[in-house]
Amino acid sequence: AIRPIERGSVHRICSGQVVLNLGSAVKELLENSLDAGATSIEIKLKDHGAELIEVSDNGGGVEEENFEGLTLKHHTSKIQDFSDLIHVETFGFRGEALSSLCALSDVTIFTCHKSAKVGTRLVFDHNGKITQKTPLPRQQGTTVSIQQLFYTLPVRHKEFQRNIKKEYAKMVQLLQAYCIVSKGVRINCTNQVGQGKKTCVISTSGSPSLKENIGAVFGQKQLQSLIPFVQLPPSEAVCEEYGLNPANMPQNLYR
Ligand code: ADP
Ligand code: MG
């Protein structure tokens, strides 16, 4: 017999298609912080992210009236209908990340909106429903904590833990890319294994220059091997060959 799958099960199964691995979990949280206008983002990992992924930012924070919608499927502050897609300037717009993360792990969000007097710590269940709500002092911004990613999907969880070093290496590569392109945003990531010392994974200084970000990620030495991109107009011979008029060549076509 062909029958519909129970709703909660559908959500749990499909959430594993939104958040595929450690990298996409970190990416979603990082993008949310960037979308919230953060200039400083702190990523804390425990056991390479298998135990905990925590992303804190100094962005706009979440207003109390939006607490319920935060983690509901296809709930977003970024678009309302299809036509809004043309104007999207944020990384996210599907409203799927937080709801999926709730289905896949234990999620806590600690936020303080710029208009709020005090922060709020929210604990969510796997359906994205708030189960605890506690007022707590916090500076403006948001902290999202993901504990035990994938533990609601036993097979995926086992694979995830078995491959954690590989997952971690891929995630760091992705993080490097965001660190480089995020001009004016300080990003800092640490990892702590067991009760050991925290080690720095990556750290940028919030510089407005791409070049300085590259230096922070790959080291000053690597920076010296970069060659500046220079645009030169085509020579007369080339213009002639292609029938181009040198007088109305577009300037600075490439960046
Ligand atoms: P999307 O980013 O596609 O809108 P998400 O599930 O990632 O969907 O997030 C849902 C909503 O929660 C966002 O639209 C945003 O309004 C809010 N949000 C998520 N993370 C943050 C954050 N770090 N700071 C402020 N608001 C956030
Ligand atoms: Mg998002």
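The values are calculated or read from the model by the stated rules, or taken from the named source; none is laboratory data. The shown structure was predicted, so the numbers you read here are calculated from the model rather than taken from an experiment. Every residue, glycine among them, receives a Cβ derived from its backbone with ideal geometry; neighbour counts consider all protein chains shown. Heads up: the accessible areas ignore ligands, DNA and RNA and are worked out on the full protein's heavy atoms, side chains in. Shrake-Rupley method; radii C 1.70, N 1.55, O 1.52, S 1.80 Å.
For the chain, the direction-averaged projected area of the alpha-carbon convex hull comes to 21.2 nm².
Its Cα gyration tensor gives the stretch 74-201 an equivalent ellipsoid. The semi-axes, each the square root of 5 times an eigenvalue, are 25, 21, 20 Å from largest down. Only Cα sites of the stretch 47-111 enter the Debye sum here, all with the same form factor; the resulting log10 I(q)/I(0) across q = 0.15 1/Å is -0.57, listed in q order. When +1 charges are put on Lys and Arg Cβ atoms and -1 charges on Asp and Glu Cβ atoms, the dipole computed for the chain relative to its Cα centre reaches about 1040 debye.
At a probe radius of 1.4 angstrom, the accessible area of the stretch 150-255 per residue rounds to 74 square angstrom.
Ignoring ligands, DNA and RNA, what percent of the 1.4 Å accessible area of the chain is carbon and sulfur? Of all accessible area on the chain, carbon and sulfur atoms account for 53 percent. Averaging Cα coordinates gives a centre for the stretch 142-216 and one for the stretch 55-75; these two points are 21 Å apart.
When you have a sec, figure out the Kirkwood radius of the stretch 130-255 from all distinct Cα pair distances and drop it here in Å to one decimal?
19.8 Å
Highest average first, the peptides 147-157, 201-211 ordered by how many other beta carbon atoms sit within 10 Å of their residues are 147-157, 201-211. Normalising the average separation of contacting C-alpha pairs (under 8 angstrom, six or more residues apart) by the number of residues puts the relative contact order of the stretch 13-128 at 25 percent. The string of couplings for the stretch 11-17 from the Karplus curve (6.51, -1.76, 1.60, θ = phi - 60°) is 4, 5, 5, 6, 4, x, 9 Hz, one whole number per residue in order, with x for Gly and Pro.
The largest-to-smallest principal axis extents of the Cα set in the stretch 5-114 are 37, 37, 25 Å. Plainly put, the stretch 151-196 has a radius of gyration that is 1.10 times its Kirkwood radius, both from alpha-carbon atoms, as the Rg/Rh ratio. Modelled spin labels at A169 and D81, positioned 7 Å past Cα toward Cβ, are 4.9 nm from each other. Here the alpha carbons of the stretch 1-54 define both size measures, Rg and Dmax, at 15.5, 54 Å. Placing unit charges on each Cβ (+1 for Lys and Arg, -1 for Asp and Glu) gives the chain a dipole about its Cα centre, and among S207, Q173, N66 the Cα reaching farthest toward its positive end belongs to Q173. Taking every protein chain into account, the accessible area of the stretch 1-141 amounts to 55 square angstrom per residue (probe 1.4 Å).
In this rough spin-label picture, where each label sits 7 Å from Cα along the Cβ direction, the V123-L232 distance is 6.6 nm. Averaging 1/r over every pair of different alpha carbons in the stretch 27-82 and inverting the result gives a Kirkwood radius of 12.8 Å.
Collect residues whose amide H, placed 1.01 Å from N in the peptide plane, falls under 5 Å from the amide H of S40; neighbours closer than 5 in sequence don't count. Those lying under 5 Å, H to H, from S40 are N58, R186. Candidates V155, I109, Q220 compared by Cα position along the dipole of the chain: farthest toward the positive end lies V155, with charges placed on Cβ. Restriction of the trypsin sites (Lys or Arg not before Pro) in the stretch 88-118 to DSSP coil positions whose beta-carbon has at most 11 other beta-carbons within 10 angstrom yields K114, K117.
The GluC sites (Glu not before Pro) of the stretch 57-156 that meet both conditions, a loop assignment by DSSP and at most 12 other Cβ atoms within 10 Å of the site Cβ, are E89.
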